[in-house]
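All remarks here apply to the structure that follows.
The values are calculated or read from the model by the stated rules, or taken from the named source; none is laboratory data. Given the structure is predicted, the values throughout are model-derived calculations rather than measurements. Positions of Cβ are backbone-derived with ideal geometry, glycine not excepted, and every protein chain shown enters the neighbour counts. Surface areas here come from the heavy atoms of the whole protein model, side chains and all, with no ligands, DNA or RNA. Shrake-Rupley method; radii C 1.70, N 1.55, O 1.52, S 1.80 Å.
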Amino acid sequence: MNIHNMLFVLENKTLFTQIMRKAKRKYFLSGKNVFDKQLKQLSFMLNYVNQHCRFYQNIQYKSIIDFPIIDKRILKERYDDFVSDISNRYLYADAYTGGSTGEPLHFLRSGGYEYEFEVKKWIKYGYRTGDRILALDGTKIEQSLISNNIFWKRVSQNELPYGSYAISSLYLTNKNIKMYIDFLISQGAEFWRGYPSFIYQIACYVINNNISFPKMKGIELTSETSYEFQIQKIKEAFDVPVYLQYGHSETCIFGYTYDESYRYKMEPLYGYVEVLNTNGQQVKVGEIGEVVVTSLHNYVMPLIRYRTGDYAVWGGIDERYCYLNSVLGRTQDYIISHKGEKVLLTALIFGQHFKALGNIRRWQIEQFTPGKIIIHIVKDYSYTIDDENEIRNLFSELGNVDIQFDYAKDIRLTSGGKSLMINQHITGL
């Protein structure tokens, strides 16, 4: 089921459709009183969950800060308590997330106005009627196509909002990458959207082989954390604006960048966003915290103050948007030092801006023992012993770990075709 069809329904569906069309126009096309609308909808949702979801029914509250912060573990343990007791009134879909982190989660979702926000975003990127969008993601391809060296397929008759063709990261190898390149060139699409690690790998090949591409309008990176070295390489390869999109399957948060500051505009009418410190307090502008989000339109399984597991730099609000200055990485991405301490990769790697990252096609950190890590690396042509030394020094000095390098031809992706930064086998800490 497409997400834009998952609007909740009343008994009179025809009347409901007419009401919703009017609501969409008023709700999305007007930029006036956005935060008044947000607070009104938030108040409605808090009252709704207090009446219809067992988990929230005994909460005495004056504002959202009186609600507990929840996470995947609580959702899994008390799943039924989060489902609305009038969920049968709504059209909804089953959804799954988190398989790449080792914490898969099943939940229900409805509403969200996903389609409308996506279209709005694409128009801001410069999309016009007739433009084409290609999805470079982890779509599974039928064996009958793969056996004929076809690693892509049509997934929609419409370009908006997610693209008509999906090109799969799951089957990319050094032997067939030229086939991917030829297909992408043949499509002549105005926009790409997809995994940063996948598009970065294609960009490296394009640069190293001096391949020219038809002019595009933009590339959107989504579904993985995007890093500066990837963005710069993609811009160099395709001479095109690069945008970043941020969201979650739980349909509580929707944001995107709009210029080369790579600052995220977060849509306040999609979800309520907090960035909290370890004491559960909202951080100040420019400070780092964990992104905590609240459903504004999921009436089947509403999530109030849900921990995303992502770190971000809070950017404040203006009259129309709230902002994240950057999204840094996930809270569960860590290594264990010789002293048994957690060292977060967010601070260790991506706050250092070290050059070696720009000379790597793909890499993954793996840890079985405290104080020792294996770094699997697929080298780019420009990778040298200086890059190895830079990585070794960084992890030794700041991470307090010993490093074993494994130079590989390829690194296994997740089942969804994403690149996993850390494969952490030490648990229970």
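Summary of computed values
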read-out	value
One residue from Ile202, Ile219, Ile234, Ile211 being surrounded by fewer than 20 Cβ atoms within 10 Å (Cβ to Cβ), β-branched (Val, Ile, Thr) and on the phi < 0 side of the Ramachandran plot	Ile211
Odd one out for Phe107, checked against (1) at pLDDT 90 or above; (2) surrounded by 19 or more Cβ atoms within 10 Å (Cβ to Cβ)	(1)
Search result, residues across segment 419-429 that are modelled with pLDDT of 75 or more, within 29 Å of Lys140 (Cβ to Cβ), out of contact with any Lys or Arg (no Cβ under 9 Å at 6 or more places or on another chain) and in a loop (DSSP other than H, G, I, E, B)	His425
Given (1) buried (at least 18 other Cβ atoms within 10 Å of the Cβ); (2) assigned to a loop (DSSP other than H, G, I, E, B); (3) modelled with pLDDT of 95 or more, index of the condition Lys284 fails	(1)
Checklist (1) touching a Gly at 6+ places or on another chain (Cβ under 9 Å); (2) touching a residue at least 40 places away in the same chain (Cβ under 8 Å); (3) closer than 18 Å to Tyr162 by Cβ applied to Thr222, failing item	(2)
Residue satisfying condition, being modelled with pLDDT of 90 or more and out of contact with any helix residue (DSSP H, G or I) (no Cβ under 8 Å at 6 or more places or on another chain), within set Tyr90, Tyr96, Tyr79	Tyr79
Residue in segment 40-99 that is surrounded by the fewest Cβ atoms within 10 Å (Cβ to Cβ), counting only those that are charged (D, E, K, R) and assigned to a loop (DSSP other than H, G, I, E, B)	Lys62
Residue check for Leu269: in a strand (DSSP E or B), in contact (Cβ under 8 Å) with a residue 24 or more places away in the chain and among the hydrophobic types (A, V, I, L, M, F, W, C)	no
Filtered residues of segment 132-168 (kept if in contact (Cβ under 8 Å) with a residue 12 or more places away in the chain, β-branched (Val, Ile, Thr) and assigned to a loop (DSSP other than H, G, I, E, B))	Thr139, Ile141, Val155
Checking Ser295 against (1) closer than 28 Å to Tyr48 by Cα; (2) of a type in the set (S, T, N, Q); (3) in contact with a strand residue (DSSP E or B) (Cβ under 6 Å, 6 or more places away or on another chain), the condition it does not meet	(3)
Selection count where residues are outside any helix (DSSP H, G or I), modelled with pLDDT under 90 and farther than 28 Å from Ile234 by Cβ, scope segment 371-400	1
Boolean, His248 is open to solvent by 30 Å² or more (accessible area, probe 1.4 Å) and closer than 30 Å to Ser87 by Cα	yes
Tally, over segment 315-329, of residues that are open to solvent by less than 30 Å² (accessible area, probe 1.4 Å), within 15 Å of the chain's Cα centre (by Cα) and among the small types (Gly, Ala, Ser)	1
Criterion (of a type in the set (D, E, K, R), part of a helix (DSSP H, G or I) and either at pLDDT below 95 or more than 23 Å from Lys265 (Cα to Cα) (or both)) met by exactly one of Lys178, Lys235	Lys178
Single condition Thr331 does not satisfy, out of (1) of a type in the set (Val, Ile, Thr); (2) under 30 Å from Glu397 (Cα atoms); (3) out of contact with any Phe, Trp or Tyr (no Cβ under 7 Å at 6 or more places or on another chain); (4) modelled with pLDDT under 95	(3)
Any hit, segment 215-223, residues being closer than 30 Å to Arg305 by Cα, in a helix (DSSP H, G or I) and under 20 Å from the mean Cα position of the chain (by Cα)	no
Extreme residue, nearest to Val293 (Cα to Cα), among residues of segment 238-261 that are modelled with pLDDT of 95 or more and either among the aromatic types (Phe, Trp, Tyr) or assigned to a helix (DSSP H, G or I) (or both)	Tyr256
So Asp182, is it in contact (Cβ under 8 Å) with a residue 60 or more places away in the chain, acidic (Asp, Glu) and open to solvent by 10 Å² or more (accessible area, probe 1.4 Å)	no
